[in-house]
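For reference, the structure discussed in these notes is given below.
The values are calculated or read from the model by the stated rules, or taken from the named source; none is laboratory data. Nothing here was measured: the structure is a model prediction, and the numbers come from that model. Quick reminder, even Gly has a Cβ in these numbers, built from the backbone with ideal geometry, and neighbours come from all protein chains shown. Keep in mind that these areas ignore ligands, DNA and RNA; they rest on the heavy atoms of the full protein, side chains included. Shrake-Rupley method; radii C 1.70, N 1.55, O 1.52, S 1.80 Å.
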Amino acid sequence: MTETEEKVVQAREVVESASNIVVLTGAGISSESGVPTFRGQEGLWQNYRPEELATPEAFWKDPKLVWEWYDWRRNAVKDAKPNPGHYALAELENNVPNLTLVTQNIDGLHQMAGSSNVTEMHGNLWQIRCTKCGDIEQNFDVPLAELPPKCKKCGEMGRPNVVWFGEMIEMSLIDKVLKAIEECHVMLIIGTSGVVEPAASMGLVAKQTDKTVIEINPEETPSSGLYDIVIREKSGEILPLLFTSNRTLS
Ligand code: NAD
Ligand code: ZN
């Protein structure tokens, strides 16, 4: 057996014996669906770094520019389909009594794969929130008819309903995730670079409370050294081996 195969077998045993699992996913789980991550070259748009665009300051300085970037991201996601990693997690939900799926992604691919209970920490790319009255509109138009879009209720400017760098995630949502980590047996951390808070600290919280943490990411992350099982492969290739009937290892 290769080292990876050994780790897969080990991870599968851990997952199979757990009745309460928390899964945290990041942009990497969608990269095999063709959605660009932030930290890869393909994530760049017109030579802007995401940190220069995904902020309230950038938005208020130039709402049209920021909306053009979101229009481009919506276009990049529009035809994307879930990959075997998303599907394996949707199947896991049916097989584990208690599964909390937390994602930093805003692309909606977990739901499209059939996961019914998804905690979206950073919002959703297909929602527009009014900057004045707060109304949220579901909108799947690509490209958007008008940039920036206007609120259907009050006519004021809309913004993407996502959490930007420098913005707060609702405390109740963070509490819910921390509680789930506290109560779980195993945590899976998939396709996240581990540099964006508070998701970055969540693996740490799991370790501090003695949980088994499994990381799946082709690249090393700042927290890899802390985790129990680290599988340096693509999530679309590994997740189906961990929990679906499509298991090729014995
Ligand atoms: P990130 O872009 O910072 O990191 C992506 C990570 O995924 C990297 O560590 C990379 O090595 C790993 N990765 C790449 N391909 C992989 C694969 N096939 N399997 C497993 N891992 C793979 O993303 P992040 O940590 O999620 O944080 C950045 C922020 O960007 C988040 O807030 C997220 O909401 C946002 N974002 C979301 C999307 C999306 O919705 N799909 C896309 C880009 C960025
Ligand atoms: Zn409004």
Legend entry - Which numbered condition residue 199 fails, given (1) of a type in the set (A, V, I, L, M); (2) in the same structural domain as residue 227 (by TED's automatic domain parsing); (3) within 16 Å of ligand 2 (Cβ to nearest atom): (3)
Legend entry - Failed item, numbered, when residue 186 is tested on (1) open to solvent by 10 Å² or more (accessible area, probe 1.4 Å); (2) more than 9 Å from ligand 1 (Cβ to nearest atom): (1)
Inset, instruction - Would you mention how many residues in the stretch 11-42 are out of contact with any Leu (no Cβ under 9 Å at 6 or more places or on another chain), open to solvent by less than 30 Å² (accessible area, probe 1.4 Å) and part of a helix (DSSP H, G or I)? - result: 1
Legend entry - helices (runs of 4 or more DSSP H) (entirely within the stretch 52-165) containing at least 3 residues that are of a type in the set (Gly, Ala, Ser), within 16 Å of ligand 1 (Cβ to nearest atom) and open to solvent by 20 Å² or more (accessible area, probe 1.4 Å): none
Inset, instruction - Read through the list (1) assigned to a helix (DSSP H, G or I); (2) modelled with pLDDT under 95; (3) surrounded by fewer than 17 Cβ atoms within 10 Å (Cβ to Cβ), then give the number of the only condition that residue 249 fails. - result: (1)
Inset, instruction - Return yes or no: is residue 194 assigned by TED's automatic domain parsing to the domain that holds residue 22, at positive phi and within 15 Å of ligand 1 (Cβ to nearest atom)? - result: yes
